[in-house]
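Just below is one structure, and these are the notes that go with it.
The values are calculated or read from the model by the stated rules, or taken from the named source; none is laboratory data. Model, not experiment: these values are computed from the prediction. Don't worry about glycine lacking a Cβ; one is built from the backbone with ideal geometry, like all the others, and counts go over all protein chains shown. Note: accessible area is taken over every heavy atom of the protein model, side chains too, but ligands, DNA and RNA are not part of it. Shrake-Rupley method; radii C 1.70, N 1.55, O 1.52, S 1.80 Å.
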Amino acid sequence: MALSPPARFLRFLLTVLLIAGIAAVSRDWWLRAIGGALIHDDGPAKADIAVVLAGDYWGNRIVKGAELVRLGYVPVALVSGPSGFYGQYECEAAIRYAVRQGSRPEWFLPFPDNARSTEEEAWAILPELHRRDTHRILLVTSDYHTRRALRIFRSTERKLGGQMEIRVVATPDEEFHPDSWWRSRQGQKIALMEWTKTLSEAVGL
């Protein structure tokens, strides 16, 4: 027997309330999943060079790059950095910061560029690595940026016709914590921005 319109509406309303209740109860679980899905960490391994991406104003990326050199995973870290950073290149400021923290200047190879996106960084950096006959790199970036950065660099490498092995090494960020990003305004902004970029790239924007 077909349900009457009021009965159908009541069933629809109960279904919505049930779904809302389940979402509320499992809120922390799926919010953690949203944050965790942004992260991919291969961990360190022996490589020809580390590539430290720009965009971290806390210094975690450059410190991780220095650590990879200090521990013998790579002989040097190439540090990307666009212009417009208070009248200098970001890579120059990053290296000075790392040296003040106790790193050696010779651990770093500054790579000034004019990239304004991760894709532009990939197109600037990878040809230089090919010129250096690089076969294996460690891509160093903030944890929330790792999955997207790795996908962009691997895709760009394929377009260049290369076969370079790319591993990504995640660094923490003071303003993003995958298990609690939704509890701070800055964490919310980072997650929203990364997912917006991820989905935009997926549809070719």
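Worth a mention:
- Restricting region 125-182 to residues that are without any contact (Cβ under 8 Å) to a residue 60 or more places away in the chain and among the aliphatic types (A, V, I, L, M), the residue that is nearest to K64 (Cα to Cα): I166
- Looking across region 94-151, the residues that are of a type in the set (A, V, I, L, M, F, W, C) and surrounded by fewer than 18 Cβ atoms within 10 Å (Cβ to Cβ) come down to V99, W123, A124.
- Candidate set from region 27-49 (those that are small (G, A, S) and in a loop (DSSP other than H, G, I, E, B)); member that is surrounded by the fewest Cβ atoms within 10 Å (Cβ to Cβ): G43
- Region 28-42 - residue that is at pLDDT below 95 and not hydrophobic (A, V, I, L, M, F, W, C) and, of those, farthest from the chain's Cα centre (by Cα): D28
- Some residue of region 53-71 being open to solvent by 10 Å² or more (accessible area, probe 1.4 Å) and more than 20 Å from T146 (Cβ to Cβ): yes
- When region 163-205 is limited to residues that are among the polar types (S, T, N, Q) and in contact with a strand residue (DSSP E or B) (Cβ under 9 Å, 6 or more places away or on another chain), the one that is surrounded by the most Cβ atoms within 10 Å (Cβ to Cβ) turns out to be T171.
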